[in-house]
Amino acid sequence: MESNNNKTPVSKALFGDDFIWGVSTAAVQIEGAHDADGKGDSIWDVFARKKGKIRGNVHHYTACNFYNQYQNDIDLIKQLNIPNFRFSISWSRVMPNGTGAINQAGIDYYNKVIDYCLALGVEPWLTLYHWDLPHTLELKGGWTNREVINWFTDFIGVCARAFGDRVKHWMVMNEPSVFTGAGYFFGIHAPGKTGLSNFLPAVHHVTLSVAAGGKALREILPNAEIGTTFSCSYIEPYSDSPRNIAAAKRVDTLLNRLFIEPVLGLGYPFADLPVLKGIKKYMLPGDENKLAFDFDFIGLQNYTREIVKYSFFTPYIQASLVKAENRNVPVTTMGWEVWPQSIYHLLHKYNQYPQIKKVYLTESGAAFPDNREGDAVDDPMRVTYLQEYLQQVLKAKNEGCKVSGYFIWTLTDNFEWAEGYHPRFGIIYVDFETQQRIVKSSGKWYADFLS
Ligand code: NOJ
């Protein structure tokens, strides 16, 4: 196994003056105020009401109360010297039923957040879809209904016209493979649908929506920087056996290639994972030409690597992941292996696509058990994690890989979807009883690094 022996200390200067540094969040995970000021239900609001879906049966209805405390949290971003803040727009806050009527209070709220950022010299980066489909649209089939492409582009039009005079950086969608896989195949995320008959149409409509969303934004905002983000994990076979190598290739196709390749104009990777051919049933004549869009940037989000084994009994893919906890390797609270080289290999992998113009690492970070002692939270494991991942980013950059920015996931501890509040990913600790914030050692480290 490779070891991480590249221990050169990282400093901001080594990345160059143009490198973008930031922190990422998402509406459901921080805002709370799930029914405030005319907001409609999202699929997560409904999912969280069902018993047994979220660890500890908690919900995100208050979360970090960012909706009411945004000034305080943006002040903290400023205090930590973080120049760029990525956050997402809640579709059902802006359009309570997902289509038709606009909720002016929702627009006003995001305008206040954007204006506050700009007043402090913090650049806002907007994600348009971070997994919270309006529930009314889910009742009509959600991402399995082809109409969603029109609903989504209408929503994008509303946002572009409302915020585009001040927001320069846009991301159409966040991690399609995760929300379609967890939400429409395994049913462990909202809306809790399962099986191929939901997953495959969702994949196709999401892919078409990513491209249509990019086009809609560019038409309205020709000077904006427009991207979209993908989750990616470095995949390795468990051994050199041909069966394990082939299994690893299928998993790589599903996790790392399925969504990005059509966007880049390469079509779906049907040949390397035959079950995906089922998508063809949902394709209309001419769809092949509607899958691509020349994004200004691709956002890569990486946390770990996966080790893959052939598995006769796993339907459709005949492959399974060898859990990190069974491999005697360091893991995070999520059970994900800490393996900094992952980000290095993935930068090289995506740099092999000549169609990608620019890469930002739009999420990178880790959940560890943080111990609060009085008013201090020391999290040396997160500091080491961030330093080691950054060393690998620098190594790839120095070898000529395109990489133009790095955003830590995440600002404050928050609602980690089906895992509730148990995993703490923040560089700022949140006491969820009192909403008190405590800057962790990692937050202080980032502030020093950026100063
Ligand atoms: C990726 C997702 O975009 C984000 O919402 C999530 O909290 C992190 N990964 C950590 O799991």
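Numbers at a glance
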item: Formal net charge of residues neighbouring ARG250 (Cβ-Cβ distance under 14 Å; K, R +1; D, E -1); result: +1
item: Solvent-accessible heavy-atom area per residue, rounded to whole Å², over region 181-283 at 1.4 Å; result: 37 Å²
item: Selection from TYR421, ALA182, THR99 lying farthest towards where the dipole of the chain points positive, charges on Cβ; result: ALA182
item: Cleavage-rule hits, GluC sites (Glu not before Pro), region 343-416, DSSP coil, Cβ neighbours within 10 Å at most 15; result: GLU399
item: Percent accessible area from carbon and sulfur atoms, region 289-423, protein chains only, probe 1.4 Å; result: 51 percent
item: Size of charge dipole - the chain - debye, nearest 20, with Cβ of Lys, Arg +1 and Asp, Glu -1, no other charges; result: 1120 debye
item: Gyration tensor verdict on region 195-342 (Cα atoms; rounded if a/c is under 1.5, prolate if a/b is larger than b/c, oblate otherwise); result: oblate
item: Within region 228-283: Cβ-based charge dipole about Cα centre, in debye rounded to nearest 20 (Lys, Arg +1; Asp, Glu -1); result: 320 debye
item: Overall form of region 315-404 per C-alpha gyration tensor (a/c, 1.5; a/b vs b/c); result: oblate
item: Using θ = phi - 60° and Karplus 6.51 cos²θ - 1.76 cosθ + 1.60, couplings along region 321-331 (whole Hz; Gly, Pro as x); result: 8, 8, 4, 4, 5, 9, 10, 6, 10, x, 10
item: For region 330-416: accessible area per residue (Å², 1.4 Å); result: 34 Å²
item: Accessible area expressed per residue, region 1-118, with surrounding protein chains retained (probe 1.4 Å, Å²); result: 42 Å²
item: Fraction of accessible area attributable to carbon and sulfur, region 157-218 (%, probe 1.4 Å); result: 63 percent
item: Whole-Hz couplings from phi, Karplus 6.51/-1.76/1.60, listed for region 362-371; x for Gly and Pro; result: 8, 8, 6, x, 7, 9, 10, x, 8, 9
item: Shape category assigned to the chain from the gyration tensor of Cα positions, a/c cut at 1.5; result: rounded
item: Lysines whose Cα lies under 20 Å from that of LYS280, excluding same-chain neighbours fewer than 8 positions away; result: LYS290
item: Environment charge at LEU80 (Cβ cut-off 12 Å; Lys +1, Arg +1, Asp -1, Glu -1); result: +1
item: The chain - share of DSSP beta bridges that are antiparallel (%, nearest 5); result: 25 percent
item: Cut-off 12 Å between beta-carbons: net charge of the residues surrounding ASP375, Lys and Arg +1, Asp and Glu -1; result: 0
item: For region 37-171, size of Cβ-based charge dipole, Lys and Arg +1, Asp and Glu -1, in debye; result: 420 debye
item: Sulfur and carbon atoms: percent of accessible area, region 55-105 [1.4 Å]; result: 46 percent
item: Estimated [θ] at 222 nm from DSSP helical runs (n ≥ 4, -39500 (n - 2.57)) normalised by residues in the chain, nearest 500; result: -10500 deg cm²/dmol
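The values are calculated or read from the model by the stated rules, or taken from the named source; none is laboratory data. Just so you know, these numbers come straight off a predicted model, no measurement behind them. Cβ sites come from the backbone with ideal geometry, for glycine too, and all protein chains shown count toward neighbours. Remember, those area values only see protein heavy atoms, side chains included, never the ligands or the DNA or RNA. Shrake-Rupley method; radii C 1.70, N 1.55, O 1.52, S 1.80 Å.
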